[in-house]
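The block underneath contains the structure these notes are about, expressed in structure tokens.
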Amino acid sequence: MRLKRQARSSAGARSIGGGLTLPKNLTNVVSVVTRSRHGLALNSDGLVIGWGDNFNDFGAATPPAGLSNVVEIATGAQHSLALKSDGTIVGWGNNFNGQLTPPSGLTNVIAIAAGGYHSLALTPDGRVWGWGGLNANLPASLTNVSAIGAGSSHSLTVRADGTVIAFGDNTFGQCNVPEGLTGVVAVAGGNTHSLALKSDGTVVGWGAGGGNDLGQTNTPPDASNLVAISSGGFHNLALRADGTVVRWGWNGFGQLNVLEGYSNFLAIAAGEIASFALTLLPVITVQPSDITVLAGTNVTIQVEAISTAPWSYQWFYNGTKLVGKTFPSFRLTNVQVADSGTFSVLVSNQFGGILSSPANLVVQPYPPSITLQPTNQVQMVGGTASFAVSAQGAPPLQYQWHFSGGVL
């Protein structure tokens with residue numbers, strides 16, 4: 001579930017789709033990960049930000065106070081890991097299976113991975129270390145490893161010769177590495193399937209047998225020129241060299257729905273119910289809202305966005321640029337029916353711009369109200385009675401007098 005490609009520059013995280021909402025202040029990010037129902041981001045200062053479900057107060061989404069100098073992060077089903085620059089590992093969350101307790105003597109770690117309830121680490125000598133629940137027992141032949149990955153209950157490793165060794169739960173064939181698979185540079189594991197990225201930019205998937213195939217092993221024909229892969233519970237993401245994303249598998253939470261306007265991604269992360277990506281473009285965290293008001297009302301139209309500095313705003317009304325409207329919000333006073341229309345804003349930085357969703361302003365006529373009622377009159381027979389009324393409302397006002405229920 002972890003990113004397989006490090007961002008070249010600090011960026012903003014963008015939710016591609018799904019059931020996890022990103023924090024609004026997520027900037028200067030260099031890595032983002034998710035597996036189940038929580039996510040972590042690593043910023044350029046080596047600090048970790050968490051969000052999502054803390055799982056009955058296990059605290060998987062809440063990094064320990066004072067955690068710093070982090071260079072890599074990983075998430076399991078209910079636990080989280082951080083690799084520090086000194087080669088040590090910090091874990092938090094659910095430790096019921098010992099997934100937070102690295103083996104004695106583990107130092108100088110260069111990579112980490114978290115499965116559902118187990119953890120993995122790689123050291124410079126090509127040795128893999130495992131601990132926690134299911135899948136903590138490593139094959140004796142596991143040597144000369146260059147990359148690691150973890151599925152929900154299985155593990156994947158890449159050896160220096162480009163071959164793959166998979167071990168752990170094989171109920172759905174997720175450990176049945178295709179015969180002859182070579183040239184692999186990275187691996188990723190989902191709940192019931194596995195992926196391997198090859199040096200030629202193609203991807204190979206396997207597993208998801210036993211009626212569990214939701215399309216996650218059906219690699220799209222356009223999955224080429226790839227530089228990174230990530231497996232969610234039952235879906236996958238693959239990043240092309242041009243920054244576009246290929247996605248396939250289950251879309252029950254909208255985790256395959258890349259938002260319009262975003263394409264030049266730096267890195268990707270797929271989880272059980274959500275997908276995330278890093279982008280240097282501005283990220284709109286709160287879209288402008290539709291507004292319905294009565295005529296004569298004052299309204300404020302606003303957007304919330306994050307970006308690398310400097311960045312700018314330009315508002316549009318019915319597609320036409322509004323001169324001087326270059327701030328996150330602006331105020332319209334005494335709006336009338338004719339002011340109804342669609343507003344949008346372009347948020348831009350040095351890397352490009354992203355246009356907001358349209359916000360519709362609907363101004364309804366102000367209903368008339370009587371400010372001065374007609375008064376009772378007493379006149380002699382043959383005299384003249386005059387009645388008057390004062391009213392206010394959206395013009396033009398029309399008047400119709402009645403006498404004893406009949407129209408005059």
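A short reminder: the numbers here are calculations on the coordinates, not readings from a lab. Since this is a predicted model, take the numbers as computed values, not measurements. Please note: Cβ atoms are built from the backbone with ideal geometry, for glycine as well, and neighbour counts cover all protein chains shown.
The figures follow:
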| quantity | calculated |
| --- | --- |
| Taking the C-alpha atoms of the chain, convex hull volume expressed per residue in Å³ | 211 Å³ |
| Partner aspartates and glutamates for residue 198 [C-alpha distance under 19 Å; skip if fewer than 8 residues away on the same chain] | 161, 179, 222, 242 |
| Whole-Hz ³J(HN,Hα) from phi, Karplus 6.51 cos²θ - 1.76 cosθ + 1.60, for region 348-356, glycine and proline x | 10, 9, 5, 9, x, x, 9, 8, 5 |
| 5 angstrom amide H check on residue 330, placed H, neighbours 5+ away | 301 |
| Under Karplus coefficients 6.51, -1.76 and 1.60, residue-wise ³J(HN,Hα) of region 360-370 in Hz, glycine/proline x | 9, 9, 10, 9, 9, x, 6, x, x, 9, 8 |
| Farthest positive-ward along the chain dipole, Cα basis, beta-carbon charges - from 326, 266, 27 | 326 |
| Amide hydrogen neighbours beyond the local backbone of residue 394, cut-off 5 Å, H modeled | 366 |
| Mean-position separation - Cα centroids, region 289-337 and region 27-92, in angstrom | 37 Å |
